[in-house]
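S.K.: Here it is, the structure, as structure tokens.
The values are calculated or read from the model by the stated rules, or taken from the named source; none is laboratory data. Just so we're clear, the structure is a prediction, and the values are computed from it rather than from any experiment. FYI the Cβ positions are ideal-geometry reconstructions off the backbone, even for glycines, and counts take in every protein chain you see. The protein model used for the area step is the full one, side chains on, heavy atoms only, and it has no ligands, DNA or RNA in it. Shrake-Rupley method; radii C 1.70, N 1.55, O 1.52, S 1.80 Å.
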Amino acid sequence: MNRTVPRYYRVEVDAEPERVGQVQRIVGAHLRYWGLEKLATPATRGLGLLMEAADGQAVMTVETWWTGQHLITAVSHQDAVRARHADAVMELLSRIAALSDGWGSCTAHARHISWFSLRSRNGVREPLAPKRPVPSTDATRQVPRAELPTAGVAVERPVEAAA
């Protein structure tokens, strides 16, 4: 599959501990289908940490974006973070920070969103859009010359009238 094409996947799941492994396998399968085998393991590990941080919520939304250079994974849920879980959540977020290239957490529309990103580490930088083809030397136009070539070509010259 073409890895430069942006991709998006979203799933809503009940926030139950046994769902963490299922969602990790589903997202990992999507990443392998998208041709992102190298990112599948760290992404699913980080996804498990995000889901553990949101444990105890009714419904979680898991979203994954591939931009062609970065993989972004987010988990959102109803904003009801409990104070007794704050230390555990901070521990999980510090582990996410250690395994990702970037991460964040915010609240929007009464939902708490935590996310992290992973950069593609392949040796070849792939363009996001195809480049215009460069014309070959056969397709380029010849620049007009000052004189016409005369070698091997019969040129008819006008005859001057004798006066």
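S.K.: Hey, among Glu16, Glu12, which residue is open to solvent by 30 Å² or more (accessible area, probe 1.4 Å), without any contact (Cβ under 8 Å) to a residue 12 or more places away in the chain and out of contact with any helix residue (DSSP H, G or I) (no Cβ under 7 Å at 6 or more places or on another chain)?
M.R.: Glu16
Residues are listed down the side, and each one gets a yes or a no for (1) open to solvent by 30 Å² or more (accessible area, probe 1.4 Å); (2) not acidic (Asp, Glu):
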{"site": "Gln22", "(1), (2)": "yes, yes"}
{"site": "Val27", "(1), (2)": "no, yes"}
{"site": "Glu37", "(1), (2)": "yes, no"}
{"site": "Leu47", "(1), (2)": "no, yes"}
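Condition check ((1) of a type in the set (D, E, K, R); (2) out of contact with any Cys (no Cβ under 6 Å at 6 or more places or on another chain); (3) open to solvent by 70 Å² or more (accessible area, probe 1.4 Å); (4) modelled with pLDDT of 80 or more) across all residues:
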| site | (1), (2), (3), (4) |
| --- | --- |
| Trp65 | no, yes, yes, yes |
| Ile72 | no, yes, no, yes |
| Ser76 | no, yes, no, yes |
| Arg82 | yes, yes, yes, no |
| Ala97 | no, yes, no, yes |
| Leu128 | no, yes, yes, no |
| Pro135 | no, yes, yes, no |
| Val143 | no, yes, yes, no |
